[in-house]
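Novice: First the structure, which I've put down as structure tokens, then a few questions once you've had a look.
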Amino acid sequence: VIVTTLPACPHCHHPLGAADQPGLHAYDHIDLPPLRPIVTRIHRHRGICPCCRKHVAAPAPDGLQPGSPCGPAVRALSIHLHVTQAIGFQRLAQMMAEVFGLTISEGAIAGILARAEAPLLAATVPIAAALRASAVVGSDETSARIGGKTCWQWVLLSSTAICHLIADRRAASVVSTFLDGARPEIWVADRYNGQIGHGAARQMCLAHLLRDAKYAIEEGCAGFAPGFRRLLLRAIAIGQRRDRLKDATLLRYHADLQSRLDRLLSVPQPTLTAARRLFRAMRRHRDDLFRFITRRDVPYTNNACERALRPSVIFRKVTGGFRARW
């Protein structure tokens, strides 16, 4: 819509036309139209056929069948506001009334979400299949609240798919059940025991190891932990530019990192608790540190998994969690 104003001369009140005012000051004024629901009342006639004396009834119009009065736009908006924008049932019902003029109960919103379960579950089938077929899979887990009880939300991530699972256990069996016999070539995760054994090989998250090294340094370790931290930073720097390096160069870097790690692990075991635990873990799992150097498709952290979990963590903190398991 364009509104044009042509005032008269404020001095002599002579009417002016567009030709008299070639200068133009243009600006926008933006507003929203009144947001009100569109209500369609359906009248289905029924009666008795005067010819055959049988009962007849008019069919329901397409897309306007009996049942929930909420149309697809109302359902889509409710799902989006609750799931993506983390608006709880009570606040969502209030928002619908105040913003859209639509009176809807919390039970109706719950019904909308319940009816969305079947198509969403169907959509997870190809996602899960893509993950099971992936060569490199990352995983992480975080707590989730269901009906006031602490459960666990797992995320499994590949280069093409992300799948979320919520279970009442933080055990490795949750992932094993999901994989259903599949075994990725590389499993990217932190040092939690429930993340061990799901792939043919593992790449430990270097960001988590940097955190553990920092804890050991803060505890007072002046030998192994600072050297190990410098080694991890060197490996990360190589990983950040590996796309520009040749395979032979990466092999030399990998051998150099292993040699530096050998020297770090050849010293006597630290006496401080955090440093000793880290030292022992690196002796056991040293082969899981630098697989990303020679495999360009392997990340050196599982930060992508943590980013994938972040929306769910925000949802939990804003809404308090899920009301029920469904």
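The values are calculated or read from the model by the stated rules, or taken from the named source; none is laboratory data. Keep in mind the model is a prediction, meaning the values are calculated, not measured. Every residue, glycine among them, receives a Cβ derived from its backbone with ideal geometry; neighbour counts consider all protein chains shown. Surface accessibility is based on the protein's heavy atoms, side chains included, excluding ligands, DNA and RNA. Shrake-Rupley method; radii C 1.70, N 1.55, O 1.52, S 1.80 Å.
Novice: Express the Stokes-Einstein translational diffusion coefficient of the range 189-265 in µm² s⁻¹, to the nearest whole number, given a Kirkwood radius over alpha-carbon pairs, 37 °C and a viscosity of 0.692 mPa s.
Specialist: The Stokes-Einstein estimate is 236 µm²/s.
Novice: Separate question: Order the peptides 259-265, 202-208 from the highest to the lowest mean number of other Cβ atoms within 10 Å of their residues.
Specialist: Taking the mean over residues of other Cβ atoms within 10 Å, the ranking is 202-208, 259-265.
Novice: Summing +1 for each Lys or Arg and -1 for each Asp or Glu, what net charge is found among the other residues whose Cβ lies under 14 Å from the Cβ of Thr319?
Specialist: So the surrounding residues net to +4.
Novice: Now for a different question. Relative to the longest principal axis of the chain, what angle (0 to 90°, nearest 10) does the C-alpha long axis of helix 303-319 take?
Specialist: Helix 303-319 sits roughly 50 degrees off the main axis of the chain.
Novice: Quantify how much of the Cα-Cα distance distribution of the chain extends past 24 Å, in percent.
Specialist: 70 percent
Novice: Sort Lys214, Lys246 from largest to smallest accessible area, using a 1.4 Å probe on the heavy atoms of the protein chains.
Specialist: Lys246, Lys214
Novice: If you don't mind, another one. Rounded to the nearest 500, what is the 222 nm mean residue ellipticity of the chain from helices alone, with -39500 (n - 2.57) per DSSP H run of 4+ residues and division by all residues?
Specialist: -13000 deg cm²/dmol
Novice: Which one, Leu77, Gln153, Gln94, projects farthest toward the positive side of the charge dipole computed for the range 62-153 from Cβ point charges (K/R +1, D/E -1)?
Specialist: Gln153
Novice: Roughly how tilted is helix 106-115, in degrees to the nearest 10 and between 0 and 90, from the longest Cα axis of the chain?
Specialist: Here the helix axis deviates by roughly 70 degrees.
Novice: Carbon-plus-sulfur fraction of the accessible area of the chain, 1.4 Å probe, in percent?
Specialist: 56 percent
Novice: The range 231-310 to the range 1-57: how many Å between their Cα centroids?
Specialist: 64 Å
Novice: Along each of its three principal axes, how wide is the spread of alpha-carbon positions in the range 47-136, in whole angstrom units, largest first?
Specialist: For the range 47-136, the Cα extents along the three principal axes come out at 71, 42, 17 Å.
Novice: Provide the per residue accessible area, probe 1.4 Å, for the chain, rounded to a whole number of square angstrom.
Specialist: I get 63 Å² per residue for the chain.
Novice: Still on this structure, I have one more. Please give the helix 117-132 orientation as an angle from the longest Cα principal axis of the chain, in degrees from 0 to 90, rounded to the nearest 10.
Specialist: Value to nearest ten degrees: 30.
Novice: Mind grabbing the accessible area of His14 for me, 1.4 Å probe, Å², rounded to tens?
Specialist: Surface open to solvent at His14 totals about 100 Å².
Novice: Give the aspartates and glutamates whose C-alpha is closer than 19 Å to that of Lys317, dropping any in the same chain fewer than 8 places away, or say none.
Specialist: In chain and number order, the partners are Asp140, Glu141, Asp168, Glu306.
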